[in-house]
Amino acid sequence: VRAQSSSASAAKTPSAISEAVARSFTDGFINGRYWQVIRESEKLLYLTGFFEALEYGGAQRSEEYFAGSMNKHGVVEALDKLYKKPENLPVPVTTSLVIIKMTADGKPAMDIQLALENARNLAARPAH
């Protein structure tokens, strides 16, 4: 029992926590690692905030990220499904939203796959 408690405390050292937090972001954006550990209510709040920020900016850019045919619960489900694949975890949520919209809009599978591969490659490059 004593060995377990020391290893548990070692896992929570500041450096371990800092590394876990750092892995939750790609180029400063929340990624799939973060998405996997938050509750559904937090996911919905994230999407609501993101959508409102786009609309508030006046650019009416939300249509670039959200398919009109999907509600926020559907987007959460789609992101959850996308992030079940470990290779997608480093991809920022904002990028994944574009890929999910492409799927919902019926874009060709080849285009979606290429966009996803590009997103993975960009996420895998070393940080600047």
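The values are calculated or read from the model by the stated rules, or taken from the named source; none is laboratory data. Just so it is clear, the structure is predicted and the values come from calculations on it, not from any experiment. All Cβ positions, glycine included, derive from the backbone under ideal geometry; neighbour counts span all protein chains shown. Just so you know, the surface numbers come from the protein's heavy atoms only, side chains and all, with ligands and any DNA or RNA stripped out. Shrake-Rupley method; radii C 1.70, N 1.55, O 1.52, S 1.80 Å.
Under 28 Å between alpha carbons, and skipping anything fewer than 8 positions from residue 101 in its own chain: which lysines qualify? Cα-Cα hits under 28 Å: 43, 72, 81, 84, 85.
Residues of region 94-128 falling in the label zone of residue 77, defined by backbone nitrogen less than 20 Å from a point 7 Å along Cα to beta-carbon, are 96-107. The amide H of residue 26, built 1.01 Å from its N in the peptide plane, has 31 as neighbours under 5 Å, considering only residues 5 or more places off or on other chains. Computed from backbone phi with θ = phi - 60° and the Karplus coefficients 6.51, -1.76 and 1.60, the 3J(HN,Hα) list for region 94-110 is 4, 5, 4, 4, 5, 5, 5, 5, 4, 5, 5, 7, x, 5, x, 4, 5 Hz; x is used for glycine and proline.
Per-atom-type breakdown for region 23-128 gives carbon and sulfur 56% of the accessible area (1.4 Å probe, protein chains only). When the label point is put 7 Å from the Cα of residue 124 along its Cα-to-beta-carbon vector, which residues of region 65-105 have a backbone N closer than 20 Å? Flagged as within label range: 82-97, 99-100.
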